[in-house]
Every structure is written in structure tokens, then in C-alpha cells.
Amino acid sequence: MSEDLTESATRPTGDGSTILRLEEVTAGYGAGLILKGVDLTVPTGTIVCLIGPNGAGKSTVLKTISGLLRPKDGRVLLRGEDIGRLSSRDRLDRGVVHVPQDRSLFPSMSVWENVLMGAFILKDQALIRSRMERVSALFPIVAARKHAAAGSLSGGEQKQVELARSLMLDPALILLDEPSIGLDPKARRSVFQSITELAADGRTVLLVEQNARSGLAVAHHAAVLEAGRVAITGTGEELLRDPEVARLYLGASAKGAAPAR
Ligand SMILES: Nc1ncnc2c1ncn2[C@@H]1O[C@H](COP(=O)(O)OP(=O)(O)O)[C@@H](O)[C@H]1O
Ligand SMILES: [Mg+2]
């Protein structure tokens with residue numbers, strides 16, 4: 001079992017530095033707080049997986065990092081700079097991209113046009129072309145289905161195109177919200193494979209996953225969010241072996257079972 005798990009996550013590509021740190025972050029949508037003091041450290045070049053029950057605030061954490069939501073208190077440190085009060089655009093400029101949970105492609109536009117939209121803040125045509133080439137090499141579907149309407153692709157294919165689009169700005173930090181949700185097992189495997197490749201390519205990935213077993217299996221580090229606070233942290237492998245995590249998030253057969261990937 002342990003061999004399977006350690007093999008599934010590739011070695012971190014980072015230099016041991018911290019790209020992102022949340023310190024005592026509080027946030028909410030109205031008067032009440034959803035995040036009640038979140039502390040989270042994301043080392044550069046790693047995959048960090050955040051799990052937790054529905055409604056715990058996982059998506060809210062990603063929103064406070066990308067700027068869809070401003071924290072009420074606490075700090076969101078990107079390479080030491082507090083970005084918590086910056087606009088989404090300013091955070092994008094600093095290399096933070098957010099791939100939301102819901103399907104976000106423009107269904108009647110082509111795959112190619114959708115991926116190009118990912119470069120909307122760029123002006124340099126040569127740069128855009130070279131990024132398109134690089135992204136198509138990582139995600140072959142972009143070239144293979146170039147002219148297809150994005151809405152005609154399967155859910156798994158659309159997720160691949162969304163990941164491809166998120167790379168057009170050459171992000172340092174990719175926030176992925178439940179990328180495997182609603183996908184069949186084969187499409188799920190290919191999404192997790194892509195996530196592993198993104199990290200191997202030098203990116204940092206903060207992944208929120210409901211499919212905790214697969215998320216933890218590809219993650220270098222992991223955290224459990226419960227009721228707006230980080231309750232447990234460890235390596236992906238440690239959390240997979242944690243009896244409490246297994247009982248609550250991995251289903252009854254978790255103990256000693258091979259990861260379902
Ligand atoms: N736009 C919103 N307006 C008001 N409440 C929201 C909004 N989005 C989420 N919430 C509430 O915040 C809580 C945490 O939501 P969320 O971060 O989406 O949890 P998770 O992603 O862990 O399932 C939930 O109680 C949810 O109902
Ligand atoms: Mg969510």
C-alpha cells in the first residue's frame with residue numbers, strides 16, 4: 001500500500017520555499033463568518049489537497065486566495081506579500097489562477113477560442129502563440145478538438161480544456177475546485193494525472209477534492225477543513241492512513257485499502 005501511495009505523488013519541484021501562506025484568515029458572505037481563522041501553508045512546487053465536509057468553507061478558502069472574496073481579517077501571503085486586499089486582476093498578474101468547480105467554458109465557442117480566452121490580459125501575439133503551443137502539448141485535446149464547440153465535449157474533456165486555459169497566463173499557483181466532480185472513473189484518472197503533470201511542470205497546485213482518496217493520493221501535503229478551520233494537516237499519505245480521516249472522509253473500507261484511482 002505505501003509504495004502505491006508514494007509513487008502516485010511525484011517529487012515536489014520546489015526549492016523548499018513557501019509560495020502561499022494563510023494566517024488566521026476569516027471571511028464570510030454577510031454578517032456571519034464562514035472561515036474562522038484559517039492557517040494553511042503551501043510549499044512551492046507541491047500539490048496541496050484540502051478536504052472536508054460539504055459547507056466547511058473549502059471553496060471559500062479558494063475565493064479568498066483568488067480575490068473573489070476579501071478576507072475580513074488575517075493575511076493571504078503570496079511569496080510573503082499580503083495580497084488579501086488586492087483585486088482578482090492584480091492577483092492574476094501575480095500568477096494566481098482559479099479554476100472554479102462549475103463548468104466555466106463558453107459552450108458555443110470553440111475549444112481553441114476558449115483556451116485563447118485564458119490569455120485575455122496578454123497583448124504580445126508571439127507570446128500567446130508560444131503559450132498555445134505549450135499548452136496544446138500538455139493537453140493534446142486542445143489541438144485535437146480545436147474547432148469543436150466546447151459544449152459538445154464530454155465533462156472530462158471540458159475539464160481538460162479548463163485546465164489548459166488556466167495555463168495560458170503561465171501561473172505559479174493554480175487553485176482547483178473539485179476538478180473531478182461528476183466525472184466517470186476514466187476521466188477522473190486523467191484529471192488527476194494532469195494535476196500531477198502540472199506540478200511536475202513546476203506549478204503549485206492547491207486542490208479542493210471531494211474525492212478525498214484520489215486527492216490525497218496525488219498530494220504532497222494535505223489539510224482537513226472543518227467548520228471554517230484547519231483541523232488536521234500532514235502529508236497526503238499521512239492523512240490517508242489517519243483513522244479519523246479514513247472514518248470521516250474515505251468511507252468504511254478505507255483502512256488498508258489501496259487507493260481507488
Ligand atoms: N455566495 C454565497 N453567499 C452566501 N453564502 C454562501 C455563498 N457561498 C457559500 N456560502 C455558504 O458558505 C458556507 C461554505 O461554503 P463553501 O465554501 O462553498 O463550502 P465547501 O466548498 O466546503 O462545500 C456554506 O454554508 C455555504 O452555504
Ligand atoms: Mg465547494
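The values are calculated or read from the model by the stated rules, or taken from the named source; none is laboratory data. Values in this document were obtained by computation on a predicted structure and should not be read as measured data. When we count neighbours, we look across all protein chains shown, and the Cβ atoms used for this are built from the backbone with ideal geometry, even at glycine. Heads up: the accessible areas ignore ligands, DNA and RNA and are worked out on the full protein's heavy atoms, side chains in. Shrake-Rupley method; radii C 1.70, N 1.55, O 1.52, S 1.80 Å.
Observations
- Considering only residues in the range 80-104 that are of a type in the set (S, T, N, Q) and touching a residue at least 24 places away in the same chain (Cβ under 8 Å), the one that is least open to solvent (accessible area, probe 1.4 Å) turns out to be SER104.
- Note on the range 31-49: residues that are closer than 23 Å to GLY234 by Cβ and within 16 Å of ligand 1 (Cβ to nearest atom) total 7.
- Candidates THR46, THR18, THR41: the one that is among the polar types (S, T, N, Q), modelled with pLDDT of 95 or more and under 12 Å from ARG203 (Cα atoms) is THR46.
- When residues in the range 184-229 are screened for being away from ligand 2 (no atom under 15 Å from the Cβ) and open to solvent by less than 40 Å² (accessible area, probe 1.4 Å), 19 of them pass.
- Check on ALA212, in the same structural domain as THR41 (by TED's automatic domain parsing) and in contact with a strand residue (DSSP E or B) (Cβ under 7 Å, 6 or more places away or on another chain): yes
- Of the numbered criteria (1) out of contact with any Leu (no Cβ under 7 Å at 6 or more places or on another chain); (2) of a type outside the set (D, E, K, R); (3) closer than 21 Å to ILE47 by Cα, the one VAL97 fails is (1).
- Taken together, the residues in the range 159-183 that are under 13 Å from ARG134 (Cα atoms) and surrounded by fewer than 18 Cβ atoms within 10 Å (Cβ to Cβ) amount to 1.
- The range 118-132, subset at pLDDT below 95 and open to solvent by 70 Å² or more (accessible area, probe 1.4 Å), residue nearest to ligand 2 (Cβ to nearest atom): PHE120
- First in the range 43-57 and not assigned by TED's automatic domain parsing to the domain that holds VAL205, second anywhere and within 13 Å of ligand 2 (Cβ to nearest atom) and open to solvent by less than 10 Å² (accessible area, probe 1.4 Å), Cβ under 7 Å, 6 or more apart: none
- Spans of helices (runs of 4 or more DSSP H) in the range 185-246 with at least 1 residues more than 13 Å from the chain's Cα centre (by Cα) and without any contact (Cβ under 8 Å) to a residue 24 or more places away in the chain: 185-200, 236-241
- Members of the range 171-182 found to be part of a loop (DSSP other than H, G, I, E, B) and within 16 Å of ligand 2 (Cβ to nearest atom), listed by number: GLU178, PRO179, SER180, ILE181, GLY182
- Residue list for the range 50-97, filter: within 18 Å of the chain's Cα centre (by Cα), away from ligand 1 (no atom under 13 Å from the Cβ) and part of a strand (DSSP E or B): VAL76, LEU77, LEU78, VAL96, VAL97
- The range 144-156, residues that are open to solvent by 60 Å² or more (accessible area, probe 1.4 Å) and part of a helix (DSSP H, G or I): ALA144, SER152
- When residues in the range 84-101 are screened for being closer than 18 Å to LEU22 by Cα and within 16 Å of ligand 2 (Cβ to nearest atom), 1 of them pass.
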